[in-house]
Amino acid sequence: MSKIVVPLASGFEEIEAVSIIDVCRRAGIDVIVAGVEGWEVLGANKIEIKCDSLFENIDFESVDMIVLPGGFGGTEILSKNHLVQSTLKNFKADGKYIGAICAAPIALEKAGVLNQNFTCYPSCEEYIRIDGYDKNKKVVLDGKVITSRGPATAICFGLEIVKLLEGKEMYETLKGGLLADFC
């Protein structure tokens with residue numbers, strides 16, 4: 001069974017986090033929701049999520065992928081948190097998958113792990129770079145780094161993570177069951 005970590009920091013985008021968690025768990029992926037600042041994290045729209053673990057307590061050796069939800073407040077914290085930034089660098093060095101949606105590719109760029117081609121929430125590319133930014137695709141995979149645009153693309157993003165970690169058959173089954181023909 002594949003395992004991913006979804007780190008949450010105050011101001012995260014709830015639709016993105018919950019969609020990623022839900023879609024991946026439906027596929028049988030072990031998803032650990034990890035609080036960067038504590039066990040309970042308040043999202044951008046004042047929805048509080050109780051985490052499975054603290055980020056600092058995760059054994060990352062057994063984790064296949066780290067996936068950052070967006071939200072400007074949460075992204076700012078993830079961009080400045082030393083442990084999150086060093087974990088991203090370690091995942092890149094170890095050839096593991098890294099994902100980010102919405103504003104969160106800013107945190108990947110800060111860590112120096114964002115590959116050439118990416119997408120993000122419109123206007124966030126100004127904090128990253130224009131070169132390599134694709135404003136038309138819902139999801140961009142470049143090597144082992146996968147990015148997506150924002151709240152409305154979160155299900156497609158989750159499905160692409162499923163395809164990477166669990167295969168095309170599980171992806172197709174789940175896509176059909178979710179009625180996600182828009183992905």
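The values are calculated or read from the model by the stated rules, or taken from the named source; none is laboratory data. In this text, all values refer to a predicted model and were calculated from it rather than measured experimentally. Note that each Cβ is placed from the backbone with ideal geometry, even for glycine, and that neighbours are counted across all protein chains shown. Side chains are part of the model used for accessible areas, which takes the heavy atoms of the whole protein and leaves out ligands, DNA and RNA. Shrake-Rupley method; radii C 1.70, N 1.55, O 1.52, S 1.80 Å.
Report, in listed order, any pair from 3/175; 50/89; 3/137; 3/144; 50/110 with a Cα-Cα distance greater than 22 Å. Checking Cα-Cα distances, 50/89; 3/137; 50/110 exceed 22 Å. Surface calculation, 1.4 Å probe, protein heavy atoms: residue 12 sits at approximately 0 Å² accessible.
Summed over the residues of the chain and divided among them, the accessible surface reaches 45 Å² per residue at a probe radius of 1.4 Å.
Legend: residues 77, 15, 98, sorted from most to least accessible area (1.4 Å probe; ligands, DNA and RNA excluded), read 15, 77, 98. For the chain, a/c is less than 1.5, where a ≥ b ≥ c are the root eigenvalues of the C-alpha gyration tensor. That puts it in the rounded class. For residue 168, a cut-off of 14 angstrom between C-alpha atoms picks up these aspartates and glutamates, skipping any fewer than 8 places away in its own chain: 160.
Let a ≥ b ≥ c be the square roots of the eigenvalues of the Cα gyration tensor of the stretch 6-58; is it rounded (a/c under 1.5), or, if not, prolate (a/b larger than b/c) or oblate? Walk me through the numbers before you get to the answer.
Details: a/c = 2.53, a/b = 1.18, b/c = 2.13.
Note, shape of the stretch 6-58 comes out oblate.
Taken about its Cα centre, the stretch 118-183 carries a charge dipole of about 40 debye when Lys and Arg each add +1 at the Cβ and Asp and Glu each add -1 at the Cβ. Scanning the chain for cysteines with no neighbouring cysteine C-beta under 4.7 angstrom from their C-beta gives 24, 51, 102.
Calculated mean residue ellipticity at 222 nm for the chain: -10500 deg cm²/dmol, from DSSP H runs with n ≥ 4 weighted as -39500 (n - 2.57), summed, divided by the residue count and rounded to 500.
Among residues other than residue 62 with Cβ under 10 Å from its Cβ, the summed charge is -3 (Lys and Arg +1, Asp and Glu -1). How would you classify the stretch 94-183 from its alpha-carbon gyration tensor, with a ≥ b ≥ c the square roots of the eigenvalues: rounded for a/c under 1.5, else prolate if a/b is greater than b/c, otherwise oblate? Cα axes put the stretch 94-183 in the oblate bin.
Using the Cα centre of the chain as the reference point, and only Cβ charges (+1 on K/R, -1 on D/E), how large is the resulting charge dipole? Debye, rounded to the nearest 20.
Using Cβ point charges on Lys, Arg, Asp and Glu, the chain gives about 320 debye.
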